[in-house]
Structures are given as structure tokens and as C-alpha cells.
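Asks: Below is a structure I'd like to ask you about.
The values are calculated or read from the model by the stated rules, or taken from the named source; none is laboratory data. The model shown is predicted, which means the values in this text are computed figures rather than measured ones. Neighbour counts are summed over all protein chains in view; Cβ atoms, including those assigned to glycine, are modelled from backbone coordinates with ideal geometry.
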Amino acid sequence: MTGYPIERWRQAVGEGYEGSRPLEDLELRGAVEGSVAALDAGDLRVAEPVDGEWVTHGWLQQALTLYFRLRTPVTMEVGPFEFHDKVPLKRGLREAGVRVVPPGVARYGSFLEPGVILMPGYVNVGARVGGGTLIDTWATVGSCAQIGRRVHLSGGVGIGGVLEPPQSRPVIVEDDCFVGSRVVVVEGVVIEREAVIGAGVVLTASTPIVDVTGSEPRVTRGRVESRAVVIPGTVPKRFAAGEFGTPCALVIGRRKPSTDLKTSLNQALREFGVPG
């Protein structure tokens, strides 16, 4: 954050978001544009780890919300494609060491570290993707989501986004995770380092995450522990019309530590029969 007038920006953005400073104010406009440019450059991030915990910078979510209010749609032509939107596309991909396969899209205000491969998927404004990560076909990374390094988001993965209310934690996927096809992760769920999420798992803030590796089930919510191997499951719930199975996530094992994470991942998938 060195070199940026963070406190001035934070104050101006907060006042603009609350309505005590008009959108026409030049200092506010400069704070919003500067904040989004810093997100795009990777110098600022909406959420970051501090002493082992993830901290959300709500004022940057406010800046992104104001950015939409300050802009008007424009037409953009990219080869045979035409777009009409308020937010431009991310540029300078070659210089950034990022590969984007058509028609993959990363929006301005997102940040992709060197080595990211974006297949025909989508990265929304405010999101951050770590180096060496693969975003496979039709996978989406929502606004402000934080994806770690060497992560594999398989085809059709849906990572939810969040702008409002400010200070809401975005989805976090930490380093070296594997997220299987058609997995959905929303509502600020944290997937810790090296976890393996099997195809079709849905994780919301209220989804029971049931560890069945011990003699008794252990239920948590909102966070998948490091190196956990997770598959879809159901838990019984009684309704007026009777008892039915409702979705849950089952922790069926732990990924074994290895110096070769790719080998470790393949072994985990085979050992536990987890679909990718």
C-alpha cells in the first residue's frame, strides 16, 4: 500500500457511499478511480490474511460500488465480439504473464498474478487470482473473491461474489486447492490450503460440513479445513410433510502431505474415489 493516500481515499469513499459527499466531488472521484486502479494493479486487495485470519477491507467494496455509479456503459469491440458495459476489460495480459483463452474474460479491477491460465471463464471486478492457478472452462470467479496460488478451478465451478453489504467476507480459496467440476462456493466460505473439493459440492455459509472420519460426526459451517477431502452428501431433516435429505458436504479424509502437490492430489482423488 506504500505510496497511496489510503486514509484520504478511505474517508472520501466512505462519505461518498453514505451520501454525505456528492458523486460529483472531484476528490471522491479520484479516490474511487485510484482505488480501482490499485486493485487492478494488485497493489490493494479487498481481503488479505493477517496473523492467520482473513481481514476484509470494506471501504474497497464501497469504492467498487461507487465505481459502477460513476460510470456509463460504452461499447467495446474485441475482434468479432461486441460488449456493452460500464467496466472495461483487463488489459496488458501478455506483460502480466497471464494467458487468457477466447472468450475468457477478466474485468478491469481484478488482478491475476503471473502464470494464471484463464480458459473460457470469467473473473469479476475486485477478485484476485494467485500465480499458477487454472480457471477452467465456464468457471466463474465472483467479485472480490480471493483465489490462492496453484489452485485448480475445474469446469463450471461457481465462486460467488460480494460487494454489499460492505465488510462482508468474500469467498476465499487458499493455495494449492483442487475444486471439482460444478462446485458452487458462496457467502464468504473459506476453503483452506490444499483441500480437495469433489465434483458437485455446494458450500454456503449454512451448509453443514460433516467430518465423518472419526467415530462420531463432527459438524462445522463456513470453513473447509486444510487438506480435507470433501464430497457431496445429505443429512436428514424433518419437515411438516415428513423427513427428507438436505444437502451437506462430507469430509471423508485428509490429503496426505507431499513435496509433489500434483502427485498428492492425484493420489487423493484415487484413494477416496473423489470425482473431479
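Asks: Can you find, within segment 75-99, the residue that is farthest from residue 119 (Cα to Cα) among those that are within 22 Å of the chain's Cα centre (by Cα) and of a type outside the set (A, V, I, L, M, F, W, C)?
Replies: Step by step, filter segment 75-99, then rank; the result is 86.
Asks: Where the second residue is at pLDDT 95 or above and acidic (Asp, Glu) and the first is under 15 Å from residue 171 (Cα atoms) and surrounded by fewer than 14 Cβ atoms within 10 Å (Cβ to Cβ) and lies in segment 204-226, which pairs have Cβ atoms under 8 Å and are six or more apart or on separate chains?
Replies: Taking only residues 6 or more apart or on different chains, the pairs are 205/187; 206/187.
Asks: Okay, next question. Buried (at least 18 other Cβ atoms within 10 Å of the Cβ), more than 9 Å from the chain's Cα centre (by Cα) and in contact (Cβ under 8 Å) with a residue 12 or more places away in the chain: does that describe residue 139?
Replies: yes
Asks: Considering segment 144-162 alone, what residues qualify as being crowded, with 24+ Cβ neighbours inside 10 Å and of a type in the set (S, T, N, Q)?
Replies: 146
Asks: Moving to a separate point now. Looking only at segment 7-28, which residues are assigned to a helix (DSSP H, G or I), surrounded by fewer than 17 Cβ atoms within 10 Å (Cβ to Cβ) and not acidic (Asp, Glu)?
Replies: 8, 11, 26
Asks: Do you know which residues across segment 183-201 are under 13 Å from the mean Cα position of the chain (by Cα) and not in a strand (DSSP E or B)?
Replies: 183, 186, 187, 188, 189, 192
Asks: So which residues in segment 163-179 are at pLDDT 95 or above, of a type outside the set (Lys, Arg) and surrounded by 19 or more Cβ atoms within 10 Å (Cβ to Cβ)?
Replies: Scanning segment 163-179 gives 170, 171, 172, 173, 174, 176, 177, 178, 179.
Asks: For residue 132, state whether it is in a loop (DSSP other than H, G, I, E, B) and either more than 17 Å from the chain's Cα centre (by Cα) or surrounded by fewer than 23 Cβ atoms within 10 Å (Cβ to Cβ) (or both).
Replies: The answer is yes for residue 132.
Asks: Follow-up question, since we're still on this one. Looking at the structure I just gave you, is residue 236 touching a Gly at 6+ places or on another chain (Cβ under 8 Å), more than 18 Å from residue 193 (Cα to Cα) and not small (Gly, Ala, Ser)?
Replies: Spelling it out, residue 236 is indeed touching a Gly at 6+ places or on another chain (Cβ under 8 Å), more than 18 Å from residue 193 (Cα to Cα) and not small (Gly, Ala, Ser).
Asks: May I ask you to list the residues in segment 78-122 that are farther than 30 Å from residue 28 by Cα, outside any helix (DSSP H, G or I) and among the acidic types (Asp, Glu)?
Replies: Matches in segment 78-122: 82 only.
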